[in-house]
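Structure first, then comments.
Laboratory data are not the source of any read-out in this text; all were calculated from the coordinates shown. As the structure is a prediction and not an experimental result, all values here were calculated from the model. Glycine gets a Cβ as well: all are built from the backbone with ideal geometry, and neighbour counts include every protein chain shown.
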Ligand code: QAP
Ligand code: CO
């Protein structure tokens, strides 16, 4: 298993659209299990391929407490939606930030599994919100796109600042004078 690198907002690569998958092979299976492992390691409940810089329509979700009920959604498509709710969302690509977003409580959607078989499913509550959030990623959309530009810009600035001090090996963070 390989841990994948998760892109962080405001990286423009998060704006890529995922293209439909038509080949169901071992390569797809490996990407899916690597994404699942990456999601579990980051304590997430959903991860879309676009978030790991793969522009394909693949999503992994596991909303179970026990972390052993993975759902692999290939080419998901919402057929029907009803009942608006407000839900506080986060995102592995927007670490540390949570905002209320309007979503549908009930959805009916279709998807293919990793072998290409087609399924139809109903979802409500957390699972429904998660599927809508992840499908947005496949269309280059993020939950912060639904909040005000002021809040969004503040979040972008804070994430950029955190990343420049945490991950760039700046001189002052080097413990010895090398
Ligand atoms: C999308 O989000 C979602 O900020 C999945 O520090 C979120 O897995 C769907 C996470 C809420 C429905 C409701 C976020 C982990 C995970 C963080 C996630 C963080 C660590 C987010
Ligand atoms: Co997300």
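The fewest-to-most ranking of 24, 87 by surrounding Cβ atoms within 10 Å reads 24, 87.
May I ask you to compute the full-extension gain from residue 146 to residue 11, defined as 0.36 nm times their residue separation minus their alpha-carbon distance, rounded to one decimal in nm? Provide the component values of the computation, followed by the final result.
Details: separation 135, 0.36 × 135 = 48.60 nm, distance 1.72 nm.
Net length gain for the segment: 46.9 nm.
Entry note, the stretch 58-147: relative contact order of 27 percent, from Cα contacts under 8 Å with a spacing of 6+ residues.
Take every Cα pair under 8 Å whose residues are at least 6 apart in sequence, average their separation, divide by the length of the stretch 12-164, and the relative contact order is 24 percent.
At a Förster radius of 22 Å, what calculated FRET efficiency corresponds to the Cβ-Cβ distance of residue 81 and residue 43, to the nearest 0.05?
Working: r = 28 Å, r/R0 = 1.27.
E(calc), rounded to 0.05, equals 0.20.
Structure remark: mean-square fluctuation, Gaussian network model of the chain, C-alpha springs under 10 Å; the largest value among 119, 19, 133 belongs to 119.
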